[in-house]
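So the structure is just underneath, and the comments pick up after that.
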Amino acid sequence: MLYVIPGLVMLQAGPAAQSSPGETGGFYLWGLLADFSDWIVTSVMILLVIFSIICWIIIIYKSIYLRLAQSESARFLEAFWQSKRLDAIYQSAETLGRSPLAQIFKAGYAELSKLRTQKSQDDKAMNDKLGDIESVERALRRTTTNEVTALESMVPFLATTGSTAPFIGLFGTVLGIVGSFHEIGERQGAGFEIVAPGLADALFATAVGLVAAIPAVIAYNFFVRRIRVLTSEMDAFSNDFLNIVQRHFLR
């Protein structure tokens, strides 16, 4: 509306001069994200810190566990090949609770003892012999599966953290940047010194994600290799034990 006053022209803004409802509604989603960006970024960083703490607990625990499994397995193999009596080897295996090879031997020895205590005929057929060796083989295979499962426990969490933590951190960074640009729009050209702290916090979320992911990936690859070596040793020992049992105890 235009008012004409002698010596002065005044222009009063009417409804048409104000922002249209469509224009305000177009930025409603961005405003909503900006309002929640601060606590979302904070929640993302807290989640990543929790992931990192859990990963380091797993790394320390599995490092000790696998080191003991490797060392005790070496001690068991030395006792197994030096001794000529299975009962003496069994007594040694009882003291090596962390060794997967010792657990496999105990399972095979228990199955073999069960077979030997059963009454059998003197003219035992070849089919019965094959059934006996298959029973021992099943016991070894079942124990091997249990030991591999125990060795692999908690390790997949490292892979999950390594693959998802960078994206979780990037999610927090994107929302933080959205909030910072929304603040620039509200202040109509705020200086960089005003929005820089918000951008720094947003980028820090990505850094936290990488800090959580990199050690997890390195530890996962290291543990997978150690477990693969132990699994190969278990398979080799199972074959050797079956050969010894077949030659000397199930003739």
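Rule-based calculations on the coordinates, nothing more; no lab input. Because the structure is a prediction, the values reported are computed rather than measured. In this analysis, Cβ positions are derived from the backbone assuming ideal geometry, glycine residues included, and neighbour counts consider all displayed protein chains.
Observations on the structure shown:
- Positions within region 78-90 being more than 15 Å from L140 (Cβ to Cβ) and over 36 Å from the mean Cα position of the chain (by Cα), in sequence order: W81, Q82, S83, K84, R85, D87, A88
- Residues in region 151-179 that are loosely packed, with under 14 Cβ neighbours inside 10 Å and among the aliphatic types (A, V, I, L, M): none.
- Answer residue from region 201-226, given it is surrounded by fewer than 19 Cβ atoms within 10 Å (Cβ to Cβ) and of a type in the set (V, I, T) and is farthest from G176 (Cα to Cα) among those: V224
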